[in-house]
Structure formats: C-alpha cells, structure tokens
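Engineer: Submitted below is the structure of interest, expressed as structure tokens.
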C-alpha cells in the first residue's frame, strides 16, 4: 500500500506540481522534511504513529524515510502549486479543508488495514487536528517562515508535554 501511494504521489507531483519553479517551494519542502525527521528523532522511543510496512522490509524507519523524502515533499509541492493565494480567505479555507478531508480519506484505509498504527494516547480523531495544523503551517511557512518556526516550536513543546514524550 505504501509503495502504491508513493507512486501515485510521484505521478501527481509530476502532473500537478510546478517543477519549473521548484525553488519557490524548496524552503517549505525542507521545512516539512525537517519536521518529520524531528518527530522521528524526538519520539524514537515513544512514537505516536508508526507506518507498518507491507512489502518493504519490516522497518518503520524505511517506510518513514520514503514518506519523509518522497511523499511529504510531493504533497507539499502539489499543495502549494495549486494553493489559491490570490483569492478570498473563504476559498483558501475551503482549499485547506479539501486537503484535510483528502488526507483523511487516503489515510483511513491504511489505519483500518493496520498499515498505520496509532500509539501512546494518539487516536484517529486527532488526525483532523494534525492535518489542519500541517496544512496551515505549510501555507504560513511559504510566506512567513520565521513566524512558522516560532509557532512550530510552541506546538512541539505542547505535544511533548501532552503525550508525555520522554526527551533524553
């Protein structure tokens, strides 16, 4: 399932992504990569979610590296390329809502089939909150990176406290 999703995202990124102006999105792509690597580093002994491999070797790390360096950059490129920057706030909110709903729809079969495991008090009902944060911060980072870093640091601190993540 993970390989199929990766292939679909790569095709979608090549089809719908603005590769001609990739430098415009590069910093935000690095931001999402760093966020995912930071999650895996801070939570290595207390993961909140874990990608269970299907045909890949039995390693969360391998699947997560694919998500970190292929899936998340592809999603970010597609999301920002097609973002309605010069439209009303209502259209921008609807755009983000569609991405949240789409992400939940794609993720749900992974969750139900055991390819996505939620752990240590993290529950599926929290996913809409996660995706709302993720897409809002991706949008904000594209135009206000320093503000986004500050907000991200606060969110990380709150989540570490809420989920009792042992930071060593």
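The numbers here are math on the coordinates, done by the rules we state, and not lab data. Keep in mind it's a predicted model, so treat the numbers as computed, not measured.
Engineer: If I build a Gaussian network model for the chain, linking alpha-carbon pairs within less than 10 angstrom, which residue out of 88, 103, 133 has the largest mean-square fluctuation?
Structural biologist: Most flexible of the set in this elastic network: 88.
Engineer: Looking only at 118, 77, 147, which one moves most when the chain is put into a Gaussian network model with springs between Cα atoms under 10 Å?
Structural biologist: 147
Engineer: Cα centroids of the stretch 55-111 and the stretch 142-157: how far apart, whole angstrom?
Structural biologist: That distance is 19 Å.
Engineer: Hey, another quick one. Let me check I have the definition right: for the stretch 1-74, take the eigenvalues of the Cα gyration tensor, multiply each by 5, take square roots. What are those semi-axes in whole Å, largest first? Could the numbers behind the result be given before it?
Structural biologist: Details: eigenvalues 113, 59, 9 Å².
Each semi-axis is √(5λ); the values are 24, 17, 7 Å.
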